[in-house]
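**Student:** I have a structure I would like to understand better, so I am pasting it below and will then ask my questions one at a time.
The values are calculated or read from the model by the stated rules, or taken from the named source; none is laboratory data. Because the structure is predicted, anything quoted here is derived from the model rather than measured. Here the Cβ positions follow ideal geometry from the backbone for every residue, glycine too, while neighbour counts run over all protein chains shown. Each accessible area value is taken on the protein alone, full model and side chains, heavy atoms only, with ligands, DNA and RNA left out. Shrake-Rupley method; radii C 1.70, N 1.55, O 1.52, S 1.80 Å.
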2 protein chains.
Amino acid sequence: MTDAFPASERRSRRSGGGAEARRAARSGGQQTQLTYVKRNIPLYEVLSEEGLELIERNCETVLAEIGIDFRDDAEALDMWRKTGADVKGNRVRFPKGLVRSLIKTAPSEFTQHARNPERSVRIGGKNTVFAPVYGPPFVRNNDEGRRYATIEDFRNFVKLAYLAPSIHHSGGTVCEPVDVPVHKRHLDMVYSHIRYSDKPFMGSVTAPERAEDSVNMAKVVFGDDFVDKNCVMVNLINANSPLVFDSTMVGALKVYARNNQATVISPFILSGAMSAVTAVGTLTQILAEASVGMAFAQLCRPGAPVIFGTFASSISMQSGAPTFGTPEPAHVLFGAAQLARRLNVPFRSGGALCASKLPDAQAAHESANTLWPTLLGGVNFVLHAAGWLEGGLVSSYEKFIIDADQLSMFQRFAEGVDYSENGQALSAIREVGPGSHFLGCAHTQANFETAFWRSIVADNNSFEQWRDDGGRDAAARANAIWKRQLKDYEAPPLDQGIDEALQDYVIRRKSVLPDSIT
Amino acid sequence: MTDAFPASERRSRRSGGGAEARRAARSGGQQTQLTYVKRNIPLYEVLSEEGLELIERNCETVLAEIGIDFRDDAEALDMWRKTGADVKGNRVRFPKGLVRSLIKTAPSEFTQHARNPERSVRIGGKNTVFAPVYGPPFVRNNDEGRRYATIEDFRNFVKLAYLAPSIHHSGGTVCEPVDVPVHKRHLDMVYSHIRYSDKPFMGSVTAPERAEDSVNMAKVVFGDDFVDKNCVMVNLINANSPLVFDSTMVGALKVYARNNQATVISPFILSGAMSAVTAVGTLTQILAEASVGMAFAQLCRPGAPVIFGTFASSISMQSGAPTFGTPEPAHVLFGAAQLARRLNVPFRSGGALCASKLPDAQAAHESANTLWPTLLGGVNFVLHAAGWLEGGLVSSYEKFIIDADQLSMFQRFAEGVDYSENGQALSAIREVGPGSHFLGCAHTQANFETAFWRSIVADNNSFEQWRDDGGRDAAARANAIWKRQLKDYEAPPLDQGIDEALQDYVIRRKSVLPDSIT
């Protein structure tokens, strides 16, 4: 580990987004970090006003008549009882209007601070933040195939996310480092995000005490008071669909909300198994689960930032296997985004989801079929935006590169259209006239460097050039890219005192945590 | 060749679209032909009202001050002169408002008749018609790699398009049969579309006399009077961008328009070469070229069906190579669709465009990045919807299968959301309740067969199943699919008298056409 931070690196990573960043990226071949996406394009919405009202009405019916279980958490049940909810056993039923009214204290958008202030992200509104894949126990690359993930892989994906200009967030469990004991690995994960990246990150949610560790480590970096007043972590709280919150998730939720840290309340749904097989039925359930979770966060601390989350895909009705990139979950994504906007809260969904085992055409089509709805639907926080393979079981090195390349395409698309005099280009049309070409005209020359988005993965050469270069497919080219990136990686600077304090914390905690459950 | 048409085949191809067709497809494993896409989803539009007005204003400036060349066609220049245009040499300049006013006689939508009336398509309005790739001199498949295309390949792609449920149109030059002399191949191509498919098709445009041959062959099938009163062919007329129409294209245009057949007036643009490097500049030029071509078709025969066409991508500013799947052409596609709607004419654009040499992740991402705008932008006629590889130089057997699979995904997406009581699924949520699953509930059982779209290419199995099945990628699976489809192909019935008359026409014409230019 080195704290060295060459001036060249510092310069290149400091410049802003948009045309300036693109110019820098073009001129040097080095890609310049972009700020989060500020969408300058319209939203796409599939649900009608009447359809939205129908779903909201049905959601109130579900909440009042069926209710939601808060399992094995007497405190949570007591908190609900005090709001006027009807609590019987673990089951909570909600008087009509209660849940929506509780959510009113949640911020409509908020800033998640990074330790490098230039990397802080704004979550909500017209903004979109891309974060890496979350959760896979396996990794795959072209050289080794598929194997269990290690802490070394974890660090590698943090580094690759740090280096990707259109990945704005370091994410959370970019893969499960199964070579570290389960009770201790959250410490290494949080430390790695802080040490090897300066982008914002996520905390552990697998147990309330691991959430406490995450908050404590964040306090080392940002200071106690700053953490209490600002969001420095976004944390993934899954509902146990259908209509259940379990004590692990509620426990972590309470820790984060009470510390004023953001929670993404995410129904995790494969329609046909965890929800009904229809879009409207699934959306009704998603709205019920997400809004109850967000309302509960407001009970823990009014004003605590929350994100309406939705992970929704389907199963094959023939085999029961999860499927991705199909049209029905795209309807659900667009619809859930609309429902979140009507609650005036940020929205999380989407990503580069796929069922494919390889970074092939299946993987790409399935990913694109979620990423397009992600961008056009106005998703604010995008987990799994890069690296997801095989239904989320695998973090793929090659797919990470391919996905990140596509994210930069989407970021450019989101800039929208330039109506300025330069954008109108009448001078170019006049200069060139009928039957000539625009290659050398003054307008083309003036816009040469920033005119078009450039892929780092695509091969646009002639067939003969491509063949003579080895005739490689996209995955093979991506393999060369991630290896070069990891080889050239330099860590962002980190105050030595903070680093030592973090390492002390990790060592201290590891010494009291068991290596295995006995 | 056989005219045999088993009853089983006839039955399966007769059923309608939507849920019924899906049920049929699910139950048998055989896929059922779908009617053209009738979009039940909103449009996505990137340009503002002010932006559209700006482009229309700038277009009038271009038409009045710069003008458009009609090269080497005295008749066309004379026709323009008589409308009040300013003609100097080949250059035609248009008084403001003239071109838009001429287009008013064009139909806003029209039916292209197929020889099987169930396969007729409605072009315009809320409808989208998918047609195969057009023009490649090469083919590629996993077994042989890349080689020149033959008439056998041509027939194969016609057969594959006939068999694909979400390809609604047989297209035109699905590949260039280079083993047939250039002066004669149009006859074999038109004959193949009629003989091996019953879907609508395109005529030849490479010379006016080949357009005449196409019309004559259509008259053999449909009758002289029917052809004069109805559209039975859609024909691709490319502008020679920037701002030129050449005599070949104008010659073919005149033949088709005077015979009341549809012309797609398509600027063929790679921004940076054939247009300015900006979206608004490119759209201004596209509007100028497309609207002048459509107006000229109305001069040939008022009321002749026309389609506002746009083929637009970009070049790499570093190498000059064409690029596909980049964000700037997506802006252009969405914008051109809006401009076409304001002219109240059908719109052609999009397709599964890519620069990749293989049906890999690059090919899929690039294709998806055009197909999503194609569907959401409201394109009415989609050439190149399947099979396009390597910048249009190659018709790929495997990519044809992969693309067609995606088209059926988009067709399902376009059906939109079901708000019925069954769609709301409250009964399912009640039946299942918190913490259970929906797999066996009554609602899931009732919707089992039609609930979710099914890919025929994707592998959703577990890693272990997939590995034990050979660990194949999407292209390898597609290879097996097209081989099986061609093996099982059975030709649709064709009246023997018509077939003989067509064959007579082809033989007669071939006997008088030269084998090569001497």
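**Student:** Taking the Cβ of A:Ile151 as the centre, find all other residues whose Cβ is under 9 Å away and add up their charges (Lys, Arg: +1; Asp, Glu: -1).
**Tutor:** Counting the neighbours of A:Ile151, the net charge comes to -2.
**Student:** How far is helix B:208-222 tilted off the main Cα axis of chain B, in degrees rounded to 10, range 0 to 90?
**Tutor:** 50
**Student:** List the aspartates and glutamates whose Cα lies under 17 Å from the Cα of A:Lys88, skipping any in the same chain that are fewer than 8 positions away.
**Tutor:** Candidates past the 8-residue exclusion: A:Glu65, A:Asp69, A:Asp72, A:Asp73, A:Glu75, A:Asp78, A:Asp246.
**Student:** Of the DSSP beta bridges with both residues in the protein assembly as shown, give the percent that are antiparallel, rounding to the nearest 5.
**Tutor:** 40
**Student:** What is the antiparallel percent of DSSP beta bridges lying wholly in chain B, to the nearest 5?
**Tutor:** 40
**Student:** For chain A, what does the helix formula give at 222 nm: sum of -39500 (n - 2.57) over DSSP H segments with n ≥ 4, over the residue count, nearest 500 deg cm²/dmol?
**Tutor:** It comes out at -14000 deg cm²/dmol, rounded to the nearest 500.
**Student:** Expressed as a rounded percentage, what relative contact order does region A:118-192 have, with Cα pairs under 8 Å and six or more residues apart?
**Tutor:** Relative contact order here is 37 percent.
**Student:** Something else now. What's the local net charge at A:Arg342, with K and R +1, D and E -1, over the other residues with C-beta under 14 Å away?
**Tutor:** Residues near A:Arg342 contribute -2 overall.
**Student:** I would also like to ask the following. Note the angle between two axes, namely the Cα long axis of helix B:74-83 and the longest principal axis of the Cα atoms of chain B, as a number of degrees from 0 to 90, rounded to the nearest 10.
**Tutor:** Once rounded, one gets 90 degrees.
**Student:** Right, here's the next one. Students often get this wrong, so check it: of B:Lys184/B:Lys229; A:Lys199/A:Lys219; B:Lys159/B:Lys357; A:Lys357/B:Lys399, which have C-alpha atoms separated by over 26 Å?
**Tutor:** B:Lys184/B:Lys229
**Student:** Using a cut-off of 12 Å between beta-carbons, work out the net charge of the residues near A:Ala211 (Lys and Arg +1, Asp and Glu -1, A:Ala211 not included).
**Tutor:** With Lys, Arg at +1 and Asp, Glu at -1, the neighbours total 0.
**Student:** Let me ask something else. I need the calculated FRET efficiency for the pair A:Phe448 and A:Ser101, taking r as the beta carbon distance and R₀ as 56 Å, to the nearest 0.05.
**Tutor:** That pair, A:Phe448 with A:Ser101, gives E of 0.50.
**Student:** How would B:Met189, A:Met409 rank on accessible area, largest to smallest, probe 1.4 Å?
**Tutor:** Putting B:Met189, A:Met409 in descending order of accessible area: B:Met189, A:Met409.
**Student:** Calculate the mean, over all residues of peptide B:315-326, of how many other protein chain Cβ atoms lie within 10 angstrom of the residue's Cβ.
**Tutor:** That works out to 5 on average.
**Student:** Further question: At a Förster distance of 41 Å, what's the computed FRET efficiency of B:Val178 paired with A:Tyr489, Cβ-Cβ distance as r, to 0.05?
**Tutor:** With a Förster radius of 41 Å, E is 0.25.
**Student:** Another question about this same structure. At a 1.4 Å probe, what is the % contribution of carbon and sulfur to the accessible area of chain B?
**Tutor:** Carbon plus sulfur share of accessible area: 49 percent.
**Student:** Continuing with the same structure: Cut-off under 17 Å on the C-alpha distance; same-chain residues fewer than 8 positions from A:Lys487 excluded. Which aspartates and glutamates are left, in chain and number order?
**Tutor:** Within reach: A:Asp3, A:Glu9, A:Asp143, A:Glu152, A:Asp153, A:Glu398.
**Student:** For B:Ile507, which inter-copy label distances result when the label point lies 7 Å beyond Cα on the Cα-to-Cβ vector, reported in nm to one decimal and in ascending order?
**Tutor:** Here the equivalent label points are 9.5 nm apart from this one.
**Student:** Pull up the cross-link candidates among the aspartates and glutamates for A:Lys38, meaning alpha carbon to alpha carbon under 12 Å and not fewer than 8 places away within one chain.
**Tutor:** A:Glu415
**Student:** A further question on this structure: Indicate the gyration tensor shape class of region B:292-379 (rounded, prolate or oblate), computed on the Cα atoms with a ≥ b ≥ c the square roots of the eigenvalues: a/c under 1.5 is rounded; otherwise a/b larger than b/c is prolate and the rest oblate.
**Tutor:** Since a/c reaches 1.5 and a/b is larger than b/c, the shape of region B:292-379 is classed as prolate.
**Student:** What are the label-to-label distances in nm, one decimal and shortest first, from A:Thr206 to the same spot in the other copies, with labels 7 Å along Cα to Cβ?
**Tutor:** In nanometres, ordered from closest: 6.4.
**Student:** For B:Arg430, go 7 angstrom from Cα along the Cα-to-Cβ vector, then report the distances to that same point in the other copies in nm, smallest first.
**Tutor:** Ordered by increasing distance: 7.1 nm.
**Student:** Need one word for the protein assembly as shown: rounded, prolate or oblate. Basis is the Cα gyration tensor (sqrt eigenvalues a ≥ b ≥ c); a/c below 1.5 gives rounded, then a/b vs b/c decides.
**Tutor:** Taking the square roots of the gyration eigenvalues as a ≥ b ≥ c, the protein assembly as shown is prolate.
**Student:** Related question: If you line up the long axis of helix A:361-377 against the longest principal axis of chain A, both from Cα atoms, how many degrees apart are they, to the nearest 10?
**Tutor:** 70
**Student:** Defining a contact as two alpha carbons under 8 Å apart and six or more residues distant in sequence, what relative contact order in percent does region B:374-441 show?
**Tutor:** Normalised by residue count, the contact order of region B:374-441 is 19 percent.
**Student:** Across peptide B:459-466, how many C-beta atoms of other chains are within 10 Å of each residue C-beta, on average?
**Tutor:** Counting other chains' Cβ atoms within 10 Å and averaging over B:459-466 gives 6.
**Student:** While we're on this one: Just want to confirm a number: the relative contact order over chain A, from Cα pairs under 8 angstrom separated by 6+ residues, in percent.
**Tutor:** Reported relative contact order: 18 percent.
**Student:** Let me ask something else about it. Across peptide B:40-48, what mean number of C-beta atoms from other chains lies inside 10 Å of a residue's C-beta?
**Tutor:** 4
**Student:** Take A:Phe463 and A:Arg508, extend 7 Å from each Cα along the Cα→Cβ direction, and tell me the distance between the two endpoints in nm.
**Tutor:** Calculated label separation equals 6.7 nm.
**Student:** Does region B:341-432 classify as rounded, prolate or oblate by the C-alpha gyration tensor (a ≥ b ≥ c root eigenvalues; a/c under 1.5 gives rounded; else a/b over b/c gives prolate, otherwise oblate)?
**Tutor:** Cα axes put region B:341-432 in the oblate bin.
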